[in-house]
Amino acid sequence: MTYFDTLETRSADERAEAIAGELPRQIAAAKALPGFAASLADVTPADVQSVADLARLPVLRKSDLGAAQKAKPPFGGLTALPTAGFAHIFQSPGPIYEPGGVGHDWWRMGRFLHAAGVGKGDIVQNCFGYHLTPAGMIFENGARAVGAAVLPAGTGQTELQVQAAHDIGCTVYAGTPDYLKIILDKADEMGLPLKFMRAVVGGGALFPSLRQEYADRGIACLQSYATADLGNIAYESDAMEGMIVDEGVIVEIVTPGTGDPVEPGQVGEVVVTTLNPDYPLIRFATGDMSAVLPGTSPCGRTNMRIKGWMGRADQTTKIKGMFVRPEQVAQLVAKHAEIKRARVLAQRDGEMDVMVVQIEAEGGDSPAYEKSVVDLLKMKGRIELLPLGALPNDGKVIEDQRSYD
């Protein structure tokens, strides 16, 4: 077994020691940026040396970046990030603007490609978009890091994609999980054999049936979890037991709508701190849900693993004409020490909305909870007291059970 570098097989103590050295530098770099300085005003870099220390800091959300960038484009007043200092500036829906670099494995995608068996001698047909958004460049930068050549195919024009793959002899597909099937089916229709042996995918759901179809065609398909803001966050290896967190980020799983870490194994929102000094995002909330897997990967990589994408954290729901947000449910839990977890159900009774609040608690007083629900959620709700462990471990704090048929 070969690894991308020695960081992948560090002991937990070695990783913690490295983080203790890197985190204060990242905090100091972020405090120097006007767009982040206000939220970190009371933070001393030397006091943030571990994941536990990070949990005391505020969460940064994409909406915060969007508002700051709208007020002062392109980077929201981050004057320490001059546009001339980056190779690229990308635009994502919102719009949100992200900087990009071309240094060795700047987006940290090389680690994933190496784990997928991509390297020298391979030709990667990169079907991620090159137009405005960074996905195409993220994967191209990773391919360069492992010594593979790249066909910058982008999206669409499937017949031309097939012809190029056939003529050039592309060995690796990079793109969304489903577009490869479209290419393969078109190649069958055109009667052109292709040489794809591997697929490295992201940006969408990889269903087991689709992965199996590729395997039946002799194509090993692995997936990564990356975003335009953060680059690669986690990735599969050939062990295919969860997704291994990249060595250049710190991942926390928190209760949706808050920055509070969940218990190990519980589903929550993915919050990421980058160790990239060029763009120091501290506790950046992805809006995605996942959970930590116990132990380490059989492939020998020792970093924490997550289960992969498990839905979106933004469960904000309108009930009786008013929005109920995850952070309000978190406030309800925090107000009563005996409450362990709570979930709001949006239901219908005839033509009327009904709010049910399910509460896991050790004892407790329903009338007191009813008053807190009115105070915090701004409407009345029916209280259902449940024993500890009764609520499913799916990360949901608000569930809309109404039928819209």
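When the criteria are applied in full, GLU98 meets the requirement of being open to solvent by less than 30 Å² (accessible area, probe 1.4 Å), acidic (Asp, Glu) and either more than 21 Å from GLY248 (Cβ to Cβ) or not in a loop (DSSP other than H, G, I, E, B) (or both). Right, LYS195: out of contact with any Gly (no Cβ under 8 Å at 6 or more places or on another chain) and either surrounded by fewer than 18 Cβ atoms within 10 Å (Cβ to Cβ) or over 21 Å from ILE89 (Cα atoms) (or both) or not? No; evaluated as a whole, the condition is false for this residue.
Looking only at segment 288-298, residues that are of a type in the set (Ser, Thr, Tyr), open to solvent by 10 Å² or more (accessible area, probe 1.4 Å) and in a strand (DSSP E or B) come to 0 in all. Those strands (runs of 3 or more DSSP E) of segment 308-364 in which at least 3 residues are of a type outside the set (Gly, Ala, Ser) and open to solvent by 70 Å² or more (accessible area, probe 1.4 Å), considering only elements entirely within it, cover 339-349. Taken over segment 156-178, the residue count meeting the criterion of being of a type outside the set (Val, Ile, Thr), surrounded by 20 or more Cβ atoms within 10 Å (Cβ to Cβ) and in a helix (DSSP H, G or I) is 2. For the residues LEU194, LEU222, the requirement of being modelled with pLDDT of 95 or more and outside any loop (DSSP other than H, G, I, E, B) singles out LEU222.
Residues that are acidic (Asp, Glu) and modelled with pLDDT of 95 or more number at least 3 in the following helices (runs of 4 or more DSSP H) confined to segment 1-81: 12-31. The set of residues in segment 33-65 being touching a residue at least 40 places away in the same chain (Cβ under 8 Å), farther than 20 Å from GLU269 by Cβ and surrounded by fewer than 18 Cβ atoms within 10 Å (Cβ to Cβ) consists of PRO34 alone.
Screening ARG301, ARG305 for residues that are touching a Gly at 6+ places or on another chain (Cβ under 8 Å) and open to solvent by less than 60 Å² (accessible area, probe 1.4 Å) leaves exactly one candidate, ARG305.
For residues that are surrounded by fewer than 21 Cβ atoms within 10 Å (Cβ to Cβ) and more than 20 Å from ILE27 (Cα to Cα), scanning just segment 259-287, find the one that is modelled with the lowest pLDDT. Taking the candidates together, the pick is GLY287.
The values are calculated or read from the model by the stated rules, or taken from the named source; none is laboratory data. All figures in this text were calculated on a predicted structure; none of them were measured in a lab. Here the Cβ is made from the backbone with ideal geometry for all residues, glycine too, and neighbour counts use every protein chain on show. Side chains are part of the model used for accessible areas, which takes the heavy atoms of the whole protein and leaves out ligands, DNA and RNA. Shrake-Rupley method; radii C 1.70, N 1.55, O 1.52, S 1.80 Å.
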